[in-house]
Amino acid sequence: MLRSARISPEQMARMEREMESLQRDFKAVEASYGDDVLQLVIATGYLSKLVANPEIERYLSTYHPEFLEEFRAIIAAASLDQTVPAA
């Protein structure tokens with residue numbers, strides 16, 4: 001036999017506070033998501049053009065290969081996001 005679980009008023013109040021906090025956090029993320037995606041698209045476009053320039057690519061590969069590697073990783077990650085079909 002299953003015994004019904006009893007939740008104390010304190011536990012219920014705590015769960016309600018946590019739920020309200022989660023809802024506020026979710027709304028904050030939801031509000032900034034569009035702007036964040038727009039900034040990512042703009043930055044990725046800029047990095048793509050930057051890396052596509054042979055002189056800049058050569059300079060970065062010679063003097064700052066770690067930057068070039070990170071720029072390429074950002075471009076690749078963003079292009080993967082764009083190829084995933086929307087649900």
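Derivation of every value follows stated rules applied to the coordinates shown; laboratory data play no part. Just so it is clear, the model here is predicted, and its values are computed rather than measured. Heads up, the Cβs are rebuilt from the backbone with ideal geometry, glycines too, and the neighbour counts pull from every protein chain shown.
The table for this structure:
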{"item": "Residue-wise HN-Hα coupling along the stretch 71-79, computed from phi with Karplus coefficients 6.51, -1.76, 1.60 (Hz; x: Gly, Pro)", "result": "4, 5, 5, 5, 4, 5, 5, 5, 5"}
{"item": "Using θ = phi - 60° and Karplus 6.51 cos²θ - 1.76 cosθ + 1.60, couplings along the stretch 11-25 (whole Hz; Gly, Pro as x)", "result": "5, 5, 5, 5, 4, 5, 5, 5, 5, 4, 5, 4, 5, 5, 4"}
{"item": "From phi via Karplus (6.51, -1.76, 1.60), per-residue ³J(HN,Hα) for the stretch 34-46 in Hz, x at Gly/Pro", "result": "x, 5, 5, 5, 4, 5, 5, 4, 5, 5, 5, x, 5"}
{"item": "Helix 54-63 vs. the chain, principal-axis angle (Cα, 0 to 90°, nearest 10)", "result": "70 degrees"}
{"item": "Computed [θ] at 222 nm, helices only, for the chain once each DSSP H run of length n ≥ 4 contributes -39500 (n - 2.57)", "result": "-29500 deg cm²/dmol"}
{"item": "Of Val51, Ala73, Met15, farthest towards positive along the dipole that unit charges on Lys, Arg, Asp, Glu beta carbons give the chain", "result": "Met15"}
{"item": "Charged-residue dipole, Cβ positions (Lys, Arg, Asp, Glu), the stretch 33-82 about Cα centre, Debye nearest 20", "result": "200 debye"}
